[in-house]
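Student: Provided herewith is a single structure, encoded as structure tokens, for subsequent inquiry.
The values are calculated or read from the model by the stated rules, or taken from the named source; none is laboratory data. Worth saying up front: this structure is predicted, and the values here are computed from it rather than measured. Here the Cβ positions follow ideal geometry from the backbone for every residue, glycine too, while neighbour counts run over all protein chains shown. Side chains are part of the model used for accessible areas, which takes the heavy atoms of the whole protein and leaves out ligands, DNA and RNA. Shrake-Rupley method; radii C 1.70, N 1.55, O 1.52, S 1.80 Å.
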Amino acid sequence: DQQVKQNSPSLSVQEGRISILNCDYTNSMFDYFLWYKKYPAEGPTFLISISSIKDKNEDGRFTVFLNKSAKHLSLHIVPSQPGDSAVYFCVPRRMETDKLIFGTGTRLQVFP
Amino acid sequence: DAGITQSPRYKITETGRQVTLMCHQTWSHSYMFWYRQDLGHGLRLIYYSAAADITDKGEVPDGYVVSRSKTENFPLTLESATRSQTSVYFCASRSSPELGELFFGEGSRLTVL
């Protein structure tokens, strides 16, 4: 029962271009969505979040878009930098249980 | 140095042995969590704790035991390790449930032979 799907296990983007990471979910009770970034041999770190009452949240080079009717969100990174190379996890929160559900992650590689 | 620390960072053990992974945080966060990361599964919640002496099961609790006698510590014990418990284990904490942001430790890589 995969409630969160990140269908692209990996993504390769040239430095300076836009990176778009996608996430689909099935549970309409999710009320808050977070993105975490993870470098090798380190724990995940919080990147950006969005409440279900909004459709966009921007923080510097990072923007998250939420389409509730399609149960889809995306993370845009513009411009992409080599230091953005990491695994990105889409993490919805289940309102009724207050638990975070991690997606399987997308490995982003930004090359010069 | 303030933060959340895990020990050991690396551990190799044999099937059937008991193993305890330690987690310590200096923020006095109420909530603490244990996750495991495996290929194709992302991070899965094993156990969590809302406060000292309060623990609850996550998605994959079988084979694990936790305790929370002090707010700052949340050890995870594998009572009889199995090969399927070979994984990277992450401890995390947060101060309140409203925003959901978790602070993770660096992880403990466990290999069960």
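Student: With every protein chain kept in place and ligands, DNA and RNA left out, what is the accessible area per residue of chain A? Probe 1.4 Å, answer in Å².
Tutor: Per residue, chain A has 48 Å² of solvent-accessible surface.
Student: What does the net charge come to around B:Leu78 if you take all other residues with beta carbon closer than 13 Å to its beta carbon, with K and R at +1 and D and E at -1? Walk me through the intermediate numbers first.
Tutor: Working: positive: B:Lys11, B:Arg17, B:Arg36, B:Arg83; negative: B:Glu14, B:Asp62, B:Glu79.
Net charge around B:Leu78: +1.
Student: Continuing with this model, one more query. If you put +1 on each Lys and Arg Cβ and -1 on each Asp and Glu Cβ, how big is the dipole of segment A:4-111 around its Cα centre, in Debye rounded to 20?
Tutor: Numbers: 13 positive and 10 negative charges, 35 e Å.
It works out to roughly 160 debye.
Student: Let me make sure I get this right: for segment A:41-99, a, b and c are the square roots of the gyration tensor eigenvalues over alpha carbons, sorted descending. Under 1.5 in a/c it's rounded, otherwise prolate if a/b > b/c, else oblate. Which is it? Working shown, then result.
Tutor: Numbers: a/c = 2.38, a/b = 1.33, b/c = 1.79.
Oblate shape, in that a/c is at least 1.5 and b/c is the bigger or equal ratio.
Student: In chain B, once you exclude exposed trypsin sites (Lys or Arg not before Pro) (DSSP loop, at most 14 other Cβ within 10 angstrom), what's the longest stretch remaining? Walk me through the numbers on the way to the answer.
Tutor: On the way: sites that count: B:Arg9, B:Arg17, B:Lys70.
Answer from the scan: B:18-69.
Student: Would you kindly give the portion of the calculated P(r) for the protein assembly as shown that falls above 20 Å, as a percent of all Cα pairs? Intermediate values should be presented prior to the final figure.
Tutor: Working: 14921 of 25200 pairs.
Result: 59 percent of Cα pairs exceed 20 Å.
Student: Between chains A and B, what is the buried accessible area in Å², counting both sides, with a 1.4 Å probe and ligands, DNA and RNA left out, to the nearest 100?
Tutor: Numbers: alone 6200 and 6360 Å², together 11000 Å².
Protein heavy atoms only, the A-B interface buries about 1600 Å².
Student: Taking every residue in A:36-44, how many Cβ atoms of other protein chains lie within 10 Å of its Cβ, on average? Don't jump to the answer; show the numbers that get you there.
Tutor: Numbers: counts 5, 0, 5, 0, 0, 5, 5, 15, 10.
Counting Cβ atoms of other protein chains within 10 Å of each residue's Cβ and averaging gives 5.
Student: Continuing with the same structure: So what is log10(I(q)/I(0)) for chain B at q = 0.21 1/Å, when the Debye sum runs over its Cα atoms only?
Tutor: With no solvent term, the Cα-only Debye profile gives -1.14.
Student: Quote the charge dipole size of chain B about the Cα centre in Debye, to the nearest 20; the model charges only the Cβ of Lys and Arg (+1) and of Asp and Glu (-1). Walk me through the numbers on the way to the answer.
Tutor: Values: 11 positive and 12 negative charges, 63 e Å.
Result for chain B is approximately 300 debye, rounded to the nearest 20.
Student: Equivalent-ellipsoid semi-axes (√(5λ), Cα gyration tensor) for chain A, whole Å, largest first? Spell out each step's value before the answer.
Tutor: Working: eigenvalues 106, 43, 29 Å².
Computed over chain A, the values are 23, 15, 12 Å.
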